[in-house]
Amino acid sequence: MTNRYSYLSHLECARCGQRHGAHVPAGLCTECGSPLVARYDLDALRAEVDREEVADRPWELWRYHELLPVSSPDAEQKLGEVVTPMLRMRAYAGELGLEELWVKDESATPTSTFKARGAAVGVSRAAELGMRRIAMPTNGNAGAAWASYAARAGLRALIVMPADAPMVTRAECLSAGAELHLVDGVISDAGAIVARAVADGDWVDVATLKEPYRIEGKKTMGLEIVEQLGWTLPDVVIYPTGGGVGLIGIHKAIAELLELGWVEGEMPRFVAVQSEGCAPIVRAFENGESSSEFFADSCTVAFGINVPKPLGDFMVLDTLYTTGGTAVSVSDEDLLAELRVVGASEGLFVCPEGAAAMVAARHLTKSGWIAPHDRVVVLNTGAGIKYPDCVDVDLPVLPPGYVLPVVPEVR
Ligand SMILES: Cc1ncc(COP(=O)(O)O)c(C=O)c1O
Ligand SMILES: [Zn+2]
């Protein structure tokens, strides 16, 4: 039964299809151990709500509350989750040879990455279902976001991250009062420590896809993209893929909007972008596999996409295959150079993960996979200022009174 604020009806296993109740705390499928996804009563929603009703609501992710799991406005934990800008990139698109290129810029979210979306919805739902203590492994940004929302909701948070994760995310976790641990390893090593703590104590594991509501938060990127394009669809969505939740979420959003009839047209082609230093999805895609192999000794400056074995790999790969999409890996050298090109041509300091997605747009346009008239949306998943080391700022310091050489303007 739905409650009209949220049309959430049940949970469904992404692998075996088993139905689970949505109104009690849930982790993985009890039949097969795979992720659960939220399902909504879309027939009732179609009959009872028009998309025009959404237009009058506050410009925040909660405007889509019928398609979110939280059951009342009182249960929404808010830190200012604005609808983020869709910026038309004209200069940069011209350089790539594209007519219509948009960046969905997630810098404006609380904690400055799109991870706030999963945390806002995931923590709100966890608190609503009575959870008090949540634990998770992270590459940094998700931990910062979940720690912040947990504090807001009065929940305890246990966070484990690789020691190499962006330094500022440690400060964010600690300032939010979380219990933070660093591990000499990658996110899967952090995950093993969390799993053990969960087994031994009374923490709830909210790792990527081990609970069903993080996807729902990330789904709002897709809802916003469609509404911001005037309830129309792009041709291509390019996403920097670690755990893959954002990609799965955007695809789910569009599938729900198509089923509701709130948008018409073809499902966009999805592109999963990874780093050459951690490319399990790309390898699997190239071999036509339905799941990935552990990518050993992974390493990249685009830290958020250093996930050697994503739990939802089969969901990401399925999205790529069914939408006619593709998977691309890019080098750290190329993405660091692209970060500067985007900054200089558009004034946008993108995160390295976002820069990786831009490199993919460049390569795919050059190879002809993206046609010049394709309408392309690239996700910049966070703010470049969270990764200050991505730009070399080692400059000579001038003595006072130094006279700069005159450089004539090049016309
Ligand atoms: C900035 C940034 N971009 C992308 C990702 C990858 O996210 P997803 O798990 O949705 O693939 C992360 C994950 O940590 C991230 O922090
Ligand atoms: Zn199952």
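The values are calculated or read from the model by the stated rules, or taken from the named source; none is laboratory data. None of these values were measured; they are calculated from a predicted model. No Cβ is skipped: glycine too gets one built from the backbone with ideal geometry, and neighbour counts run over all protein chains shown. Just the protein is used for accessible areas: all its heavy atoms, side chains included, with ligands, DNA and RNA removed. Shrake-Rupley method; radii C 1.70, N 1.55, O 1.52, S 1.80 Å.
Output the relative contact order of region 280-329, whole-number percent, from Cα pairs under 8 angstrom with separation of 6+ residues.
Working: 50 pairs, mean separation 20.8, N = 50.
Relative contact order here is 42 percent.
May I ask which of 252/386; 104/252; 104/309 have a Cα-Cα span longer than 24 Å here?
Numbers: 252/386 28 Å; 104/252 17 Å; 104/309 26 Å.
In this structure, 252/386; 104/309 exceed 24 Å between Cα atoms.
Give me the distance between the Cα centres of region 76-98 and region 366-411, rounded to whole Å.
17
Could you look at region 1-148 and say what percent of its accessible area is carbon and sulfur, using a 1.4 Å probe and all protein chains? Walk me through the intermediate numbers first.
Values: 2760 of 5710 Å².
Ligands and nucleic acids excluded, carbon and sulfur reach 48 percent.
Of all accessible surface on region 358-411 at a 1.4 Å probe, what whole percent is carbon and sulfur? It would help to have the intermediate numbers written out before the result.
Working: 2390 of 3740 Å².
Of all accessible area on region 358-411, carbon and sulfur atoms account for 64 percent.
Counting other C-beta atoms within 10 Å, and keeping those with at most 14, which DSSP coil GluC sites (Glu not before Pro) do you find in region 17-59? Don't jump to the answer; show the numbers that get you there.
Working: sites: 31, 48, 52, 53; in loops: 31.
Here the GluC sites (Glu not before Pro) that fit, given the DSSP loop and packing criteria, are 31.
So in region 1-159, what percent of DSSP beta bridges are antiparallel if you round to the nearest 5?
Among the beta bridges of region 1-159, antiparallel pairing accounts for roughly 75 percent.
Using a basic spin-label model with each label point 7 Å from the Cα along Cα→Cβ, how many nm lie between residue 196 and residue 276?
Between residue 196 and residue 276, the label points sit 3.5 nm apart.
By how many nm would the segment from residue 74 to residue 167 grow when fully extended, if each residue of separation counts as 0.36 nm and the alpha-carbon distance is taken off?
Details: separation 93, 0.36 × 93 = 33.48 nm, distance 3.38 nm.
The residue 74-residue 167 span can extend by a further 30.1 nm.
Could you report the accessible area of residue 315 in Å², rounded to 10, computed with a 1.4 Å probe on the protein chains as they sit in the structure?
20
Please compute one quarter of the surface area of the Cα convex hull for region 24-103 and express it in square nanometres.
Details: hull surface 38.7 nm².
With every direction weighted equally, the projected area is 9.7 nm².
Helix 245-260: angle to the longest alpha-carbon principal axis of the chain, degrees 0 to 90, nearest 10?
Once rounded, the angle reads 60 degrees.
Using per-residue counts of other Cβ atoms within 10 Å, averaged over each peptide, order 115-124, 230-239, 78-87 from highest down.
On the way: 115-124: 30.0, 230-239: 21.1, 78-87: 16.7.
In decreasing order of mean packing, 115-124, 230-239, 78-87 become 115-124, 230-239, 78-87.
Which peptide among 198-211, 389-402 comes first, and what is the full order, when sorted by highest mean count of other Cβ atoms within 10 Å? Can you show the working numbers first?
Details: 198-211: 18.8, 389-402: 7.9.
Result, highest mean first: 198-211, 389-402.
Please state, as a whole number in µm²/s, the translational diffusion coefficient that the Stokes-Einstein equation yields for region 9-164 at 4 °C and 1.567 mPa s, with Rh defined as the Kirkwood radius across alpha carbon pairs.
Calculated translational D: 73 µm²/s.
Could you give the size of the charge dipole of the chain about its Cα centre, using +1 on the Cβ of each K and R and -1 on the Cβ of each D and E, expressed in debye and rounded to the nearest 20? List each step's numbers first, then the result.
Values: 35 positive and 55 negative charges, 120 e Å.
Computed about the Cα centre, the dipole is about 580 debye.
Before anything else, pin down the relative contact order of the chain: Cα pairs under 8 Å, at least 6 apart, normalised by residue count, whole percent. Don't skip to the end; give the middle numbers.
Values: 873 pairs, mean separation 66.3, N = 411.
Relative contact order for the chain comes out at 16 percent.
Taking the Cα centre of each part, how many Å lie between region 1-51 and region 220-271?
19
Mind checking the angle between helix 352-367 and the chain's longest principal axis? C-alpha axes, 0 to 90 degrees, to the nearest 10.
The answer is roughly 70 degrees.
Enter the angle in degrees (range 0 to 90, nearest 10) between the Cα long axis of helix 115-128 and the first principal axis of the Cα atoms of the chain, meaning the one along which they spread out most.
Relative to the chain, helix 115-128 is tipped by roughly 20 degrees.
Just the Kirkwood number for region 264-325, please: inverse of mean 1/r across all distinct Cα pairs, in Å, one decimal. List each step's numbers first, then the result.
Details: mean 1/r = 0.0829 Å⁻¹.
Result for region 264-325 stands at 12.1 Å.
At residue 235 and residue 59, where each label point lies 7 Å from the Cα along Cα→Cβ, what is the point-to-point distance in nanometres?
In this crude spin-label approximation the distance works out to 2.9 nm.
Normalized C-alpha radius of gyration of region 61-105, against 2.2 N^0.38 Å?
My calculation over the Cα atoms of region 61-105 gives 1.77.
Out of the DSSP beta bridges found with both residues in the chain, what percent are antiparallel (nearest 5)?
Percent antiparallel among DSSP bridges in the chain is about 30.
Share of Cα-Cα pairs in region 190-326 beyond 22 Å, in percent? Show your work: numbers first, answer last.
Numbers: 3912 of 9316 pairs.
In whole percent, the long-distance tail amounts to 42.
Report the one residue of 44, 143, 58 whose Cα lies farthest in the direction of the positive end of the charge dipole of region 28-172 (charges on C-beta: Lys and Arg +1, Asp and Glu -1; origin at the Cα centre).
Checked the options; the winner is 143.
Probe 1.4 Å, all protein chains in place: accessible area of residue 159 in Å², nearest 10?
Answer for residue 159: close to 0 Å² accessible.
Taking only protein heavy atoms and a 1.4 Å probe, what accessible area per residue, in Å², does the chain have with all protein chains in place?
Numbers: 16780 Å² over 411 residues.
Per residue, the chain has 41 Å² of solvent-accessible surface.
Take the solvent-accessible surface of the protein heavy atoms, probe 1.4 Å, and return the percent of it on region 207-287 that carbon and sulfur atoms account for. It would help to have the intermediate numbers written out before the result.
Values: 810 of 1930 Å².
The computed percentage sits at 42.
Once fully extended, how much extra length lies between residue 395 and residue 289, figured as 0.36 nm per residue of separation less the alpha-carbon to alpha-carbon distance?
Values: separation 106, 0.36 × 106 = 38.16 nm, distance 4.75 nm.
Roughly 33.4 nm would be gained on extension.
Using Cα positions and a limit of under 14 Å, work out the aspartates and glutamates in reach of residue 366, with same-chain residues fewer than 8 apart set aside.
Counting by Cα, and skipping residues close in sequence, residue 366 has these aspartates and glutamates nearby: 95, 99, 374.
What ratio of Cα Rg to 2.2 N^0.38 Å holds for region 173-234?
Numbers: Rg = 17.1 Å, N = 62, 2.2 N^0.38 = 10.6 Å.
Its radius of gyration relative to the 2.2 N^0.38 Å reference: 1.62.
Give me, ordered by chain and number, the residues 5 or more places off residue 29 or on other chains with an amide H under 5 Å from its own placed amide H.
Those qualifying (amide H under 5 Å, at least 5 residues apart or on another chain) are 34, 36.
7 Å from Cα along Cα→Cβ at both residue 189 and residue 50: what's the point-to-point distance in nm?
5.7
Taking 0.36 nm per intervening residue step and subtracting the Cα-Cα distance, what contour gain separates residue 259 from residue 409 on full extension?
On the way: separation 150, 0.36 × 150 = 54.00 nm, distance 5.49 nm.
That pair, residue 259 and residue 409, stretches by 48.5 nm at full extension.
From the helices alone, meaning DSSP H stretches of at least four residues, give me the mean residue ellipticity at 222 nm for the chain, per-run term -39500 (n - 2.57), in deg cm²/dmol to the nearest 500.
On the way: 13 runs with 147 residues, N = 411.
So the calculated ellipticity at 222 nm is -11000 deg cm²/dmol.
Relative to 2.2 N^0.38 Å, what does the C-alpha radius of gyration of the chain come to as a ratio? Two decimals please. Please report the intermediate quantities before stating the final value.
Details: Rg = 21.0 Å, N = 411, 2.2 N^0.38 = 21.7 Å.
Dividing the Cα Rg of the chain by 2.2 N^0.38 Å gives 0.97.
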